[in-house]
Structure formats: structure tokens, C-alpha cells
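Asker: Mind having a look at this structure? Questions to follow.
Just so you know, all these numbers are worked out from the coordinates, no wet-lab data involved. What you see is a predicted model; the values in this text were computed from it and never measured. So basically every Cβ, Gly included, is an ideal-geometry build from the backbone, and we count neighbours across all protein chains shown.
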Amino acid sequence: MAKMGLSHMPLFAAIVVVLAGCFAAPFQDKVAPETPLSNLDLSSFTQIPGSREIDSGAVPLNLQPATGYDYWELRRLKDPNVIVLAQGGRRSKSELPLDVAAAIERLPKSAGFGAHCLPGWCFDYVVTVSSDRVETVLSAAELRSFLGEIDTRDEAILFAQALGYYSGTSKEEAAIREVTDGYELLVWKAIQRSEPCPSEDFYRVLLHLSRSGALTEEGSEFLERSECRIF
């Protein structure tokens with residue numbers, strides 16, 4: 001299989017890591033030893049839906065939080081709009097007290113995880129309500145606590161994105177399959193380089209994500225190095 005050039009990546013690929021530091025994504029400063037991934041049997045994988053399908057609501061997300069919240073919702077900020085990607089809890093949003101519902105809408109929109117819809121200012125975050133107390137989930141560590149055991153494919157995809165991995169536009173770099181103790185994902189990531197000039201190396205990566213949330217890179221393929229950035 002031919003290596004994927006930058007022209008085949010999502011439109012934000014070449015600039016995604018410029019703002020990566022704002023989202024505290026681990027694992028981006030290292031990569032697993034290079035391993036040919038072209039021999040993987042993709043027939044056992046399911047393609048990860050694209051962000052447009054998710055944003056439109058065409059693909060409902062199956063999230064099963066660890067705690068029985070009164071209400072929760074997964075939100076995506078696509079400046080200036082907020083999209084509710086998934087919601088649940090013991091109560092519906094319309095059943096919340098008016099001041100609680102108003103507090104949710106007044107939340108600052110300045111931090112989150114999974115910057116996967118650049119070049120706009122985009123990220124995801126979770127809002128939870130327990131005993132009329134409104135809280136937010138803004139980091140990968142907080143998301144891990146919110147989800148508890150990673151027991152659905154959508155949770156695995158969301159958590160991998162929070163850790164700094166990205167889905168491409170084809171099954172070769174946007175796929176997932178369930179295995180005995182968790183999930184395997186085919187995704188890509190970018191590693192910032194300062195020498196010989198500011199640039200990014202792009203890798204296709206095979207991840208193993210256990211149900212307990214432990215993540216291991218099982219292999220990687222170098223794809224391409226971006227052109228030097230000039231600021």
C-alpha cells in the first residue's frame with residue numbers, strides 16, 4: 001500500500017500541531033518503532049466516522065460514563081458554535097432547574113481535548129450535572145475518569161483523540177476493531193521537530209487501548225515530513 005501523502009490527510013493535517021500544546025496531548029513526543037502496517041487485514045476493522053458525520057448527528061455516539069450523573073453531554077466547540085454530540089443521564093436537559101440549564105450555557109469556551117477539526121478553533125469537552133452541580137471535563141485524564149472502563153468503540157475513539165491521535169479520511173488511517181481486552185485503532189499522529197527547521201513528522205500508528213485505559217503503540221509507519229514553518 002502506498003504511503004499516505006499530506007495531500008490525502010484531512011485539510012488541517014499540516015497545521016494541527018501548531019496548537020497542540022494548548023490541548024496537553026501526551027505521546028506526541030515519541031513514536032513506536034517503525035513497523036510495516038500494509039499487511040494488516042483491514043476486513044476485521046470498521047472505519048471511524050468522519051467529523052462531518054459526527055457533527056451532523058448522522059452517527060449517534062455510544063458513551064457509557066462510569067458514574068450515574070443526573071445529566072451529561074459531550075460538546076464540540078466549532079467557533080463560534082457549540083454542537084452537542086451526545087447526552088445522557090437520569091434526567092433530560094429539559095428537566096434540569098432553569099438556573100442549572102443556564103449555568104451550562106454560560107460555561108467558558110476556552111479549553112478542552114481532541115483538537116481534531118482545525119484550522120478553526122475546535123475542541124471537545126464534557127459537561128456533567130450531579131445534585132445540580134455543574135462541572136466540566138477538559139483533559140484526557142478527566143475524560144478517563146468520566147468514562148471509567150473503555151467499553152464501547154466510541155469511547156475508545158474519543159479517548160485516543162484526547163491523547164493526541166487523529167483519524168484520517170480513509171480506512172487505512174481511520175479504523176477500529178474490538179479485541180479480547182479492548183480495542184485496536186489505526187490512526188495517525190504528528191510529532192513536532194525543531195531541527196533542521198520547525199516542521200512535523202506524520203506517522204500512521206496502530207494503537208492498542210485496553211478497557212482499563214492503558215494505551216500502547218504496537219507499530220508505526222512514517223508517512224511524510226511537512227515543509228518548514230515560517231512564522
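Asker: Compute the separation of the alpha-carbon centres of segment 186-231 and segment 79-94 and state it in Å as a whole number.
Answerer: Centre-to-centre distance over Cα atoms comes out at 32 Å.
Asker: Within a 10 angstrom radius of the beta carbon, how do Val100, Val59, Val187, Val84 rank from fewest other beta carbons to most?
Answerer: Val84, Val59, Val100, Val187
Asker: Here is a follow-up. How would Leu74, Leu96 line up from fewest to most surrounding beta-carbon atoms within 10 angstrom?
Answerer: The most exposed by this proxy come first: Leu96, Leu74.
Asker: Given N residues in segment 167-231, what is Rg(Cα) / (2.2 N^0.38 Å)?
Answerer: With N residues counted in segment 167-231, Rg over 2.2 N^0.38 Å equals 1.33.
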